[in-house]
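The values are calculated or read from the model by the stated rules, or taken from the named source; none is laboratory data. These numbers come from a predicted model, not from an experiment. Every residue, glycine as well, gets a Cβ built from its backbone with ideal geometry; the counts of neighbours run over all protein chains shown. SASA here: full protein model, heavy atoms, side chains in, ligands and nucleic acids out. Shrake-Rupley method; radii C 1.70, N 1.55, O 1.52, S 1.80 Å.
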Amino acid sequence: MTSYDYDLFVIGGGSGGVRAGRVAAGLGKKVGIAEEYRFGGTCVIRGCVPKKLFVYASQFPEHFEDAAGYGYTVGESRFSWPDLIAAKDKEIARLEGLYRKGLDSNGAEMFDTRAEIVGPHRVLLKASGKEVTAEKIVIAVGGTPNPHVEIPGSEHCISSNEAFHLEELPKAIVIAGGGYIAVEFANIFNGLGVETTLIYRGPEILRGFDNDMRVNLREAMEKKGIRVLLNDVIASVSKTGEGLSVKTDRGHELAASQVMLALGRTPNTGSLGLETVGVETDKSGAIVVDDYSRTNVDHIWALGDVTDRVQLTPVAIHEAMCFIETEYKNNPTKPDHDLIATAVFSQPEIGTVGLSEEVAAERFEELEVYLAKFRPMKATLSGREERTVMKIIVNAADRKVLGVHILGHEAGEMAQLVGIALKAGATKDDFDRTMAVHPTASEELVTMYQPTYRVKSGARV
Ligand code: NDP
């Protein structure tokens, strides 16, 4: 029998890679794991986690204003961007330490280096030039912001990576894109007092989300002072004496201190040695895998964003656990990508699980749609003009709940819980016989007894 240096070598120390490496090591496998930047990956180091910390920071000005309605006089407040960055960096360093500790305490060997595949079962550790062998290789190298070099002046733009380390808070920012990252950062910067413009090529932000969520969020963002330019794209970015000048296809000219491109991410598969062993990639560079995350090369697997299935941290972790079950516990398990609850940490947040009305209408003959739009209780005394929107999409034929969409405070938290109900196959009758928790916003989800309207053969009736 051939003997290898490692039972498993993982390339990439992000959510998926660390989970696969740590659990395999805990099962007694000899594991090596290489990471070229920082253990924790995009989510922990320059994604979900620092983003959420920024979201919290950006909400304080509204909290201070709202306090007046509750009898407080809040003194003059001052904000220090460098203090926020320093506090965030400290927390991220702590989390990175925990990721390392988890690997270490389970016996995985960490390499702070880029690693590349140089032959069947062979991995080159770039920093030392050493080659190691492994029975199985897992590629979990994630993705990177697409720099869109075809945009004239793209070299003056930042991506979300740099947004976490700006030396000073910009006075004005232009953000391109209409997806999660663009929308979340537009809200963060606006909340922090930055003059913010969002430019998106489509007719409405957040393509793929339920239309009521998209429209109501965009309107709420505009009310908060974000300028949203739809059906438009950046034509060029150039340097001026004071900062940057952005020209758009539709003739807008905008001055900004920073321009951020959030126009999608590309898989990190360049120069990884995939062609050396014949690992297949698709036209976007993503690694092609089967239902068990296996590549076309029998000893190589790929997990997480690099496979461009669903680019979400919990999905990468789930795929890693399925790999462990299948390969090390003799329990073949396919990742389940159905009914993934997700949140956009905009302000207000979107929390969603299941089908949008638009997609459900294409797939089912008749829908019942329950829609509630109301002023959240906290806004009564604060006087803040805002609305919470909740929507339930039900298949009329069997009353099964197909989708739940929430726009409002803590919508992400609600999506997590209602996701359990949908995963369990709940019907609208199950929602109806659930007692409300009063007074909450989420009680609305179990007290909408009559459909607001129906959709038959794709049309509202
Ligand atoms: P998305 O794919 O969500 O959004 C990319 C945006 O860029 C879309 O609005 C897209 O438009 C637009 N776009 C792409 N190419 C062009 C182009 N050539 N010209 C103009 N516009 C363009 O990617 P993000 O980068 O925002 O996020 C990456 C992934 O990270 C997401 O898919 C998400 O899964 C994950 N993520 C999750 C978060 C969360 O869970 N809260 C937070 C942040 C990221 P169009 O829609 O028209 O194609």
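Would you be able to tell me the number of residues in the stretch 78-105 that are farther than 29 Å from Arg22 by Cα and open to solvent by 90 Å² or more (accessible area, probe 1.4 Å)?
3
Please go through (1) closer than 30 Å to Leu303 by Cβ; (2) surrounded by fewer than 23 Cβ atoms within 10 Å (Cβ to Cβ) for Gly178 and return the number of the only condition it doesn't satisfy.
(2)
Residue by residue through the stretch 318-327, note down the ones that are open to solvent by 40 Å² or more (accessible area, probe 1.4 Å) and in contact (Cβ under 8 Å) with a residue 60 or more places away in the chain. Outline the logic, then answer.
Taking the stretch 318-327 as the starting set, the residues that turn out to be open to solvent by 40 Å² or more (accessible area, probe 1.4 Å) are 318, 321, 325, 327.
Within the stretch 318-327, Met321, Glu327 meet the criteria.
Pick from Gly208, Gly270: which is under 21 Å from Asn146 (Cβ atoms), surrounded by fewer than 16 Cβ atoms within 10 Å (Cβ to Cβ) and either in contact (Cβ under 8 Å) with a residue 60 or more places away in the chain or under 20 Å from the mean Cα position of the chain (by Cα) (or both)?
Details: Gly270 fails: either in contact (Cβ under 8 Å) with a residue 60 or more places away in the chain or under 20 Å from the mean Cα position of the chain (by Cα) (or both).
Of the residues listed, the single one that is under 21 Å from Asn146 (Cβ atoms), surrounded by fewer than 16 Cβ atoms within 10 Å (Cβ to Cβ) and either in contact (Cβ under 8 Å) with a residue 60 or more places away in the chain or under 20 Å from the mean Cα position of the chain (by Cα) (or both) is Gly208.
Asp112 - would you say it is of a type in the set (D, E, K, R) and surrounded by 17 or more Cβ atoms within 10 Å (Cβ to Cβ)? Can you show your working first?
Details: of a type in the set (D, E, K, R): yes; surrounded by 17 or more Cβ atoms within 10 Å (Cβ to Cβ): no.
Criteria not met by Asp112.
Inside the stretch 2-80, counting only helices (runs of 4 or more DSSP H) that do not spill past its ends, which hold 1 or more residues that are more than 16 Å from the ligand (Cβ to nearest atom), in contact (Cβ under 8 Å) with a residue 24 or more places away in the chain and touching a Phe, Trp or Tyr at 6+ places or on another chain (Cβ under 9 Å)?
Details: elements: 15-26, 41-46, 48-67.
Once the helices (runs of 4 or more DSSP H) in the stretch 2-80 are filtered for at least 1 residues that are more than 16 Å from the ligand (Cβ to nearest atom), in contact (Cβ under 8 Å) with a residue 24 or more places away in the chain and touching a Phe, Trp or Tyr at 6+ places or on another chain (Cβ under 9 Å), what remains is 15-26, 48-67.
Across the stretch 131-174, which residue is nearest to Gln311 (Cα to Cα) among those that are in a strand (DSSP E or B) and open to solvent by 40 Å² or more (accessible area, probe 1.4 Å)?
Going through the qualifying residues, I end up with Thr144.
Scan the strands (runs of 3 or more DSSP E) fully inside the stretch 190-306 and keep the ones with 2 or more residues being away from the ligand (no atom under 14 Å from the Cβ).
On the way: elements: 195-199, 227-229, 234-239, 244-248, 253-256, 258-261, 265-267, 300-302.
Per the criteria, 195-199, 234-239, 244-248, 253-256, 300-302.
Please list, ordered by first then second residue, the pairs with beta carbon atoms under 9 Å, 6 or more apart or interchain, first in the stretch 99-116 and more than 16 Å from Ala24 (Cβ to Cβ) and modelled with pLDDT of 95 or more, second of a type in the set (A, V, I, L, M, F, W, C) and open to solvent by 60 Å² or more (accessible area, probe 1.4 Å).
As it stands, the answer is Asp112/Ala127; Thr113/Ala127; Arg114/Ala127, since those pairs meet every condition given.
Take the stretch 228-263 and flag every residue that is over 23 Å from the mean Cα position of the chain (by Cα) and closer than 16 Å to Phe189 by Cβ. Steps first, please.
Let us first name the residues in the stretch 228-263 that are over 23 Å from the mean Cα position of the chain (by Cα), namely 231-232, 234-257.
Result: Gly243, Leu244, Val246, Leu254, Ala255, Ala256, Ser257.
Are there any strands (runs of 3 or more DSSP E) wholly within the stretch 383-461 with 1 or more residues that are within 29 Å of the chain's Cα centre (by Cα) and of a type in the set (D, E, K, R), and if so which? Explain how you work it out, then say what you get.
Values: elements: 388-395, 401-408, 453-456.
Where strands (runs of 3 or more DSSP E) fall fully within the stretch 383-461 and carry at least 1 residues being within 29 Å of the chain's Cα centre (by Cα) and of a type in the set (D, E, K, R), they are 388-395.
Enumerate the pairs (first residue in the stretch 352-376 and part of a helix (DSSP H, G or I); second residue anywhere and exposed (fewer than 15 other Cβ atoms within 10 Å of the Cβ) and at pLDDT below 95) with beta-carbon separation below 6 Å, excluding pairs fewer than 6 apart on the same chain, so at least 6 apart or on different chains.
Ala361/Gly458
With respect to Ile181, is the statement that it is within 16 Å of the ligand (Cβ to nearest atom), in a strand (DSSP E or B) and at negative phi true?
Numbers: within 16 Å of the ligand (Cβ to nearest atom): yes; in a strand (DSSP E or B): no; at negative phi: yes.
When the stated conditions are applied, Ile181 does not pass them.
Scan the stretch 300-311 and report the pairs whose first residue is among the aliphatic types (A, V, I, L, M) and whose second residue is within 11 Å of the ligand (Cβ to nearest atom) and open to solvent by 40 Å² or more (accessible area, probe 1.4 Å), with Cβ atoms within less than 7 Å and a gap of 6+ or a chain change.
Val310/Ile340
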